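Asker: Got a structure for you, questions after.
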Amino acid sequence: MDDVTRGNRLAWETASRKHVREDAELRGQARAGGALFATEVEMLGPILATGPHVVHLQSGHGLDDLALTAAGARAVTGVDFSATATAAAQRRADDLGRACRYVHAALPGAPLAGGCADLVYTGKGALIWMPDLAAWAADVARLLRRGGHLFVHEAHPAVPLWTWDEDEPRIRPDRGYFAGSHVNDTFPAGGAVEWQHTLGEILNAVIGAGLELRRVEEYPEPFWRADGVDAAAWRGRLPNTFALLAWRPESAAH
Ligand SMILES: C[S@@+](CC[C@H](N)C(=O)[O-])C[C@H]1O[C@@H](n2cnc3c(N)ncnc32)[C@H](O)[C@@H]1O
């Protein structure tokens with residue numbers, strides 16, 4: 001593991017204690033049913049209807065997994081390098097009787113069998129922690145069975161540029177779309193380094209791993225809003241999230 005990833009892991013191990021402190025609130029959110037956005041349900045509906053085994057890369061607090069099992073997934077295997085996050089997510093899933101299993105491991109390089117996933121699900125603050133998108137995409141392609149899908153619902157790569165000014169959107173003077181990385185100054189903080197991948201780099205990594213794009217969408221709504229902030233950049237004029245659906249073709253030579 002490189003030094004930056006080691007530092008990021010420390011930052012996440014500390015930040016993930018939030019998922020333990022806020023356990024009651026997270027269970028309430030899970031019971032209320034909704035970690036998946038309507039757009040995710042719409043794109044994933046036909047796949048979830050087949051009862052897939054889902055591998056969730058960078059599974060975090062695991063609320064997505066509870067929602068995926070409620071929406072039809074037969075089982076979810078979450079992988080995350082925060083032991084605090086995987087332990088908390090496992091306790092919640094067990095208590096709620098959901099078929100979720102959590103694996104504590106650094107990615108890429110998930111310690112799971114090749115072809116085990118009908119659906120690889122990831123996002124909501126995941127790709128920014130992957131320095132090498134080609135390695136990430138190769139791991140996804142390895143995990144997918146032929147005919148299996150990759151689904152990503154993620155912060156739009158332009159998001160690091162937006163200020164949180166409430167009167168009107170502005171571009172941060174200290175950020176650039178092509179900068180490559182910046183030090184995170186919100187969550188998980190702790191000096192964590194976020195990698196910036198352009199939309200083209202993300203799509204090309206997926207294509208380069210032998211997957212076929214089926215759909216790409218951009219949305220104005222962010223997937224996360226800091227408490228007490230109502231940024232003008234989130235009110236519909238700018239892209240804040242994107243989603244992509246790709247698949248490993250039946251005939252792919254992997
Ligand atoms: C913002 S969370 C997003 C996860 C999830 N979708 C959610 O909403 O909770 C990012 C997660 O990525 C994990 N992570 C970051 N870098 C990682 C790596 N190299 N290997 C495995 N997990 C990693 C962190 O521990 C954290 O739980």
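Results for (1) in a loop (DSSP other than H, G, I, E, B); (2) within 16 Å of the ligand (Cβ to nearest atom); (3) small (Gly, Ala, Ser); (4) surrounded by 13 or more Cβ atoms within 10 Å (Cβ to Cβ), shown as yes or no for each residue.
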residue	(1), (2), (3), (4)
188	yes, yes, no, yes
200	no, no, yes, no
206	no, no, no, yes
217	no, no, no, yes
223	yes, yes, no, yes
230	yes, no, no, no
242	no, yes, no, yes
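Asker: Restricting attention to region 26-47, and to residues there that are assigned to a helix (DSSP H, G or I) and in contact with a helix residue (DSSP H, G or I) (Cβ under 7 Å, 6 or more places away or on another chain), which single residue is farthest from the ligand (Cβ to nearest atom)? Full working, then the answer.
Answerer: Within region 26-47, the subset assigned to a helix (DSSP H, G or I) is 26-32, 38-47.
Checking which are in contact with a helix residue (DSSP H, G or I) (Cβ under 7 Å, 6 or more places away or on another chain) leaves us with 26-27, 29-30.
Numbers: 26: 10, 27: 14, 29: 11, 30: 12 Å.
Taking the candidates together, the pick is 27.
Asker: Just to verify a result, which residue in region 94-109, among those that are part of a loop (DSSP other than H, G, I, E, B) and in contact with a Phe, Trp or Tyr (Cβ under 9 Å, 6 or more places away or on another chain), is farthest from residue 130 (Cα to Cα)? Working first, answer last.
Answerer: The initial filter retains those residues of region 94-109 that are part of a loop (DSSP other than H, G, I, E, B), namely 96-99, 105-109.
Those still in the list that are in contact with a Phe, Trp or Tyr (Cβ under 9 Å, 6 or more places away or on another chain) too: 105-108.
On the way: 105: 14, 106: 10, 107: 8, 108: 8 Å.
Across region 94-109, the extreme among qualifying residues is 105.
Asker: Filter region 213-237 down to the residues that are over 18 Å from residue 42 (Cβ atoms) and in contact with a Phe, Trp or Tyr (Cβ under 6 Å, 6 or more places away or on another chain) and list them by number. First the steps, then the outcome.
Answerer: Let us first name the residues in region 213-237 that are over 18 Å from residue 42 (Cβ atoms), namely 222, 224-237.
Answer for region 213-237, where residues must be over 18 Å from residue 42 (Cβ atoms) and in contact with a Phe, Trp or Tyr (Cβ under 6 Å, 6 or more places away or on another chain): 222, 229, 231, 233.
Asker: Within region 86-93, is even one residue closer than 19 Å to residue 152 by Cβ and within 11 Å of the ligand (Cβ to nearest atom)? Reasoning before the result, please.
Answerer: Initially, region 86-93 is screened for residues closer than 19 Å to residue 152 by Cβ, giving none.
No, because not a single residue in region 86-93 is closer than 19 Å to residue 152 by Cβ and within 11 Å of the ligand (Cβ to nearest atom).
Asker: In addition: Considering only region 80-93, I want to know if a residue exists there that is farther than 24 Å from residue 219 by Cα and in a strand (DSSP E or B). I'd like the intermediate steps shown before the answer.
Answerer: Step one: of region 80-93, the residues farther than 24 Å from residue 219 by Cα are 80-93.
Filter once more, keeping what is in a strand (DSSP E or B): 80.
Yes, that holds for at least one residue.
Asker: Follow-up. Within region 170-186, track down each residue that is under 17 Å from residue 130 (Cα atoms), loosely packed, with under 14 Cβ neighbours inside 10 Å and not aromatic (Phe, Trp, Tyr).
Answerer: 179, 180, 183
Asker: Also, I was wondering about something else. From the residues in region 1-52 that are farther than 25 Å from residue 75 by Cα and aliphatic (A, V, I, L, M), which one is surrounded by the fewest Cβ atoms within 10 Å (Cβ to Cβ)?
Answerer: Across region 1-52, the extreme among qualifying residues is 1.
Asker: Free of Cβ contacts under 8 Å to residues at least 40 places away in the same chain, surrounded by 15 or more Cβ atoms within 10 Å (Cβ to Cβ) and within 20 Å of the chain's Cα centre (by Cα): is that true of residue 148 in this structure? Write out each step before concluding.
Answerer: Numbers: free of Cβ contacts under 8 Å to residues at least 40 places away in the same chain: no; surrounded by 15 or more Cβ atoms within 10 Å (Cβ to Cβ): yes; within 20 Å of the chain's Cα centre (by Cα): yes.
No.
Asker: Among the numbered criteria (1) free of Cβ contacts under 8 Å to residues at least 60 places away in the same chain; (2) closer than 27 Å to residue 7 by Cα, which one does residue 189 miss?
Answerer: Against the list (1) free of Cβ contacts under 8 Å to residues at least 60 places away in the same chain; (2) closer than 27 Å to residue 7 by Cα, residue 189 comes up short only on (1).
None of the figures in this text is laboratory data; all of them are computed from the coordinates on show. Owing to the predicted nature of the structure, the values given are computational and were not obtained by experimental measurement. With ideal geometry, Cβ positions are generated from the backbone for all residues, glycine too; neighbour counts draw on all protein chains shown.
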